[in-house]
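Accompanying notes for the structure given below.
The values are calculated or read from the model by the stated rules, or taken from the named source; none is laboratory data. All of these numbers come straight from a predicted model, not from anything done at the bench. All Cβ positions, even for glycine, are placed from backbone atoms using ideal geometry, and neighbour counts span all protein chains on display.
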Amino acid sequence: MTLKILLGSLLVGLLVISGSRSVQAYVRLPALVGDHMVLQRDQPLPLWGWAAPAEHVTVRFQGRSYPAVASGAGRWEMTLPATPSGGPFAMTITGQNTLTINDILIGDVWLASGQSNMELPLRDPNAPKPGAYPLILNAEQEVAQADFLQIRQFTVKKMSAATPQSELTGYSWQVCSPQTARGFSAVAYFFARDLHQRYRVPVGIISSPWGGTPAEAWVSGVALQSLAAEPLTAGLAGQFPTPPLPAKDPQNTPAALFNGMIAPLIPYALKGVIWYQGESNVGRAGQYRTLFPALIRDWRQRWGQELPFLFVQLANWQPALPQPADSDWARLREAQTAALALPRTGMAVAIDLGDAADIHPANKQDVGHRLALVARSVAYDDQQVVAAGPALKKMQVQGSTVRLDFEQVGSGLVLQVERGVQKTPGGVRGFAVAGADKQFHWATGTLQDQTLVLTSAEVPAPVAVRYNWADNPNGNLYNREGLPAAPFRTDTW
């Protein structure tokens, strides 16, 4: 090779390298950071992106400049100071290029995740075609009235991954209007609407659900490995994803959705999490008792704070049974309730909002409203709100009679009028008692000075009580605020 040719080749190579570096030098941002975004009020605001290694980046926001330097891997990070609610604002990010973000609001940001009942949109354009989600109640009217410029949603595109991802694919932030709201998560929208109307602050929703997925897909691999010593969860750690993911249903692989749809959101500042999931774990309630709290602790650790974590207990579904029976759905609901032992958690009970014929109940308005009540208590420290229905406080057995006392009674206990088709004698529905033989029979009962008194002719010496312990129960115990008692049992059989 002649010297001239050699020099020419070197020059071309240098130009290619220089051009490549020039392209890499441009500052870029994660999909989550863009026009119309909502940033969390009153918290330090992490911001990040990518540039050339060692490139200096400046963010200008509300009249102040914040510098950062990209790492050797090309990632830059900074934290903006806590800011009160307000907007709209603009932000510029400058390196070798300048990016401008417009229409930024400061308010409360909620991550909405889980499976299909969180994913179900306000108005599915394919409903009621076979295979589509059902229409929610009053869908067209709700969409037409969804004119809230300070409610925004960012929808994460579905992605499973064998390793935690630093970037996600997503749609741009959408401002809530009748033209855009039909694609909003229905539960998240009604939740956000309640909070926005009460607190008069912008509300951002980061919607990251995937229908039909189990809880273990949403837990990080590190957290799953920590459960390896637990008998019921040891097998999940053994299914830790390795490239490539399974060709069939990769989204159901443990940690795969955490890697693809949660990890890239970190450390975006949040007010809290709302979660609607569990149907895909029915039949594994014992495992869920460990797995679900592990998920909550895992996400809190990743965000570095004790985020309020609010969840929906599974709704009633499938045909009602004429006699008391055991239920995998009831056991999963019990496992969900057990997660309330963790601080700053809250549960919205949906046991009366389901549909025997459809696992996707149409009434998402009440689900969102009940989640918002829980948020007011857990995340907004409202000491006056009644956020949940009656919960068993004490059981006393006096001969053939069982006396139940409750807490969270609000302004008093009530037995609501009958709904549905299941009929049990007496003033109460949904209660069953058993003796030492562990055979449950329907109980009759009445309210006496806010104490529920139960008896059953078939059980002369009761030792245990179950309430709404069925796939599709029909209990009628509420507080006067209209919130139902969560299913429970006093036995451990």
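Only one of (1) surrounded by 15 or more Cβ atoms within 10 Å (Cβ to Cβ); (2) farther than 14 Å from Val397 by Cα; (3) within 36 Å of the chain's Cα centre (by Cα); (4) not small (Gly, Ala, Ser) is not met by Thr444, so which one is it?
Failing condition for Thr444: (3).
Can you tell me which residues in region 154-191 are touching a strand residue (DSSP E or B) at 6+ places or on another chain (Cβ under 7 Å), buried (at least 23 other Cβ atoms within 10 Å of the Cβ) and farther than 22 Å from Pro264 by Cβ?
Cys176, Ala186, Val187, Phe191
Those residues that are assigned to a loop (DSSP other than H, G, I, E, B) and more than 20 Å from the chain's Cα centre (by Cα), I need them from region 166-210; list them, please. Write out each step before concluding.
If we filter region 166-210 for residues that are assigned to a loop (DSSP other than H, G, I, E, B), which is where we start, we get 166-169, 171-173, 177-180, 184, 200-202, 210.
Once the filter is applied, which keeps residues that are assigned to a loop (DSSP other than H, G, I, E, B) and more than 20 Å from the chain's Cα centre (by Cα), region 166-210 yields Ser166, Glu167, Ser172, Ser177, Pro178, Gln179, Thr180, Arg200, Val201.
How many residues does region 115-144 hold that are surrounded by 14 or more Cβ atoms within 10 Å (Cβ to Cβ) and either among the polar types (S, T, N, Q) or not assigned by TED's automatic domain parsing to the domain that holds Leu310 (or both)?
Of the residues in region 115-144, 3 are surrounded by 14 or more Cβ atoms within 10 Å (Cβ to Cβ) and either among the polar types (S, T, N, Q) or not assigned by TED's automatic domain parsing to the domain that holds Leu310 (or both).
Just the residues that are of a type outside the set (A, V, I, L, M, F, W, C) and modelled with pLDDT under 95, please, taken from region 400-424. Show your work before the answer.
Within region 400-424, the first condition is being of a type outside the set (A, V, I, L, M, F, W, C), and the residues that meet it are 400-401, 403, 405, 407-408, 410-412, 416, 418-420, 422-424.
Glu407, Gln408, Gly410, Ser411, Gly412, Gln416, Glu418, Arg419, Gly420, Gln422, Lys423, Thr424, listed by residue number.
So which of Ala350, Ala330 is crowded, with 22+ Cβ neighbours inside 10 Å, touching a helix residue (DSSP H, G or I) at 6+ places or on another chain (Cβ under 6 Å) and under 28 Å from Trp493 (Cβ atoms)? Please lay out each step first, then the result.
Details: Ala330 fails: touching a helix residue (DSSP H, G or I) at 6+ places or on another chain (Cβ under 6 Å).
Testing whether each residue is crowded, with 22+ Cβ neighbours inside 10 Å, touching a helix residue (DSSP H, G or I) at 6+ places or on another chain (Cβ under 6 Å) and under 28 Å from Trp493 (Cβ atoms) leaves just Ala350.
Only one of these is outside the structural domain of Leu373 (by TED's automatic domain parsing), surrounded by fewer than 19 Cβ atoms within 10 Å (Cβ to Cβ) and within 25 Å of Asp328 (Cβ to Cβ): Ala436, Ala432, Ala470, Ala457. Name it. First the steps, then the outcome.
Values: Ala432 fails: surrounded by fewer than 19 Cβ atoms within 10 Å (Cβ to Cβ); Ala470 fails: surrounded by fewer than 19 Cβ atoms within 10 Å (Cβ to Cβ); Ala457 fails: within 25 Å of Asp328 (Cβ to Cβ).
So the residue among Ala436, Ala432, Ala470, Ala457 that is outside the structural domain of Leu373 (by TED's automatic domain parsing), surrounded by fewer than 19 Cβ atoms within 10 Å (Cβ to Cβ) and within 25 Å of Asp328 (Cβ to Cβ) is Ala436.
Within the bounds of region 230-253, is there any residue that is in contact (Cβ under 8 Å) with a residue 12 or more places away in the chain, part of a helix (DSSP H, G or I) and surrounded by 23 or more Cβ atoms within 10 Å (Cβ to Cβ)?
Here is the first cut: in region 230-253, the ones in contact (Cβ under 8 Å) with a residue 12 or more places away in the chain are 230, 232-233, 236-237, 239-245, 250-253.
Still in the running and part of a helix (DSSP H, G or I): 236-237, 250-252.
Within this subset, residues satisfying the condition of being surrounded by 23 or more Cβ atoms within 10 Å (Cβ to Cβ) are 236.
The answer is yes; a qualifying residue exists.
Only one of Asp491, Asp449 is among the acidic types (Asp, Glu), surrounded by fewer than 18 Cβ atoms within 10 Å (Cβ to Cβ) and either closer than 28 Å to Val282 by Cβ or not assigned by TED's automatic domain parsing to the domain that holds Leu404 (or both); which? Show your work before the answer.
Details: Asp449 fails: either closer than 28 Å to Val282 by Cβ or not assigned by TED's automatic domain parsing to the domain that holds Leu404 (or both).
Unique residue meeting the criteria: Asp491.
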